[in-house]
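The values are calculated or read from the model by the stated rules, or taken from the named source; none is laboratory data. Quick caveat, the model's predicted, so the values are computed rather than measured. Heads up, the Cβs are rebuilt from the backbone with ideal geometry, glycines too, and the neighbour counts pull from every protein chain shown. Protein only, heavy atoms only, side chains kept; ligands, DNA and RNA dropped before computing areas. Shrake-Rupley method; radii C 1.70, N 1.55, O 1.52, S 1.80 Å.
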Amino acid sequence: MFGYVLPDISGLTRRDVDKYQSFYCGLCHSLKRYGNIKRLALTYDMTFLAMFLSSMYDTDEKTFEKACIRHPFEKKPYISNKFVDYARDMTVALVYHKCTDDWADDRKPASLALSKILISAYRAVKDKWPKQCGEIEKELSAISAAEKARDGDPDACANAFGRLMISIFCLEKDAFTDYVAAMSYNLGKFIYMADAASDYEADMKSGNYNPIKYLAKDADIQQLLEIYMGNCCNAFEMLPLERDLYIMRNILYGGVWIAFNENNKKETDNDK
């Protein structure tokens, strides 16, 4: 359930691409706190979290330049602030649980290996953010239970993943908390159902649970996802965001559809 919240690079200026990249690189550098191997957990999705919270709460941004393993001969700018570090911690938490889930479901050796690498980092994150990690564990347990029970409610898992996203995005209680919650809840539902749509054919062959199987026969998954993102964007537009607003709009209005459309095209091509 990663790789959906990314920018549509073709719709951004060079300056905007560089700004987004500086957040992505900042998250990568921040993950180094848990060792270089932890950078395997790097995702675009949590880059959006860092950018969103930095804009929402207008924190100071410190920009540095440094070479790295990926770019050893060229210094790249990267942003460092408390929300980049927070996104780093949530990255570790989510990827750790994804690996344990993948091992439990599909017995993927690579997932087991990465979960063992991340366990000490996750324990440190849980000590620092017990509320968020507690909610993540609670909602992922609800998803796991629904999947094992073959719950006929197609919204059960998507709702749980939406609640999980609320726990990550809602850091402050203020006049805008309800809008942040609505935005993140619907974004989470979109991610879960877009991922389910991408995995549908494979799940039907393997016998794995997929909520789309329980939708009405005339249900239009594209239309359902559009409703989720419509609700997400409506809440997003009610927030007092200014910095990097164009980049975040690019992600929510266009970028989130890139992976879904690519996966859907693959499914269509395979059916021909």
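Can you work out the accessible area per residue across the stretch 1-160, with the rest of the protein chains kept in place, probe 1.4 Å, in square angstrom?
Averaged over the residues of the stretch 1-160, the accessible area is 49 Å².
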ask   = Probe 1.4 Å, all protein chains in place: accessible area of THR100 in Å², nearest 10?
value = 50 Å²
ask   = What order do LYS189, LYS126 take when sorted by accessible area (1.4 Å probe), most exposed first?
value = LYS126, LYS189
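Just to confirm the filter: which GluC sites (Glu not before Pro) across the stretch 42-145 are DSSP coil and have at most 13 other Cβ within 10 angstrom of their Cβ?
For GluC sites (Glu not before Pro) across the stretch 42-145 that sit outside H, G, I, E and B with at most 13 neighbouring Cβ atoms in 10 Å, the list reads GLU74.
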message = Tell me the carbon and sulfur percent of the accessible area for the stretch 146-217, rounded to whole percent, probe radius 1.4 Å.
response = 49 percent
request  = For the pairs LYS138/LYS213; LYS128/LYS173; LYS75/LYS98; LYS138/LYS189; LYS82/LYS126; LYS126/LYS205, note any where the Cα-Cα span goes beyond 28 Å.
outcome  = LYS75/LYS98; LYS126/LYS205
key: Cα long-axis angle, helix 82-106 against the chain (0 to 90 degrees, to the nearest 10)   = 30 degrees
note = Summing -39500 (n - 2.57) over every DSSP H run of at least 4 in the chain, dividing by its residue total and rounding to the nearest 500, the 222 nm mean residue ellipticity is -22000 deg cm²/dmol
Rel. contact order, % - alpha carbon contacts under 8 angstrom, at least six apart, the chain = 23 percent
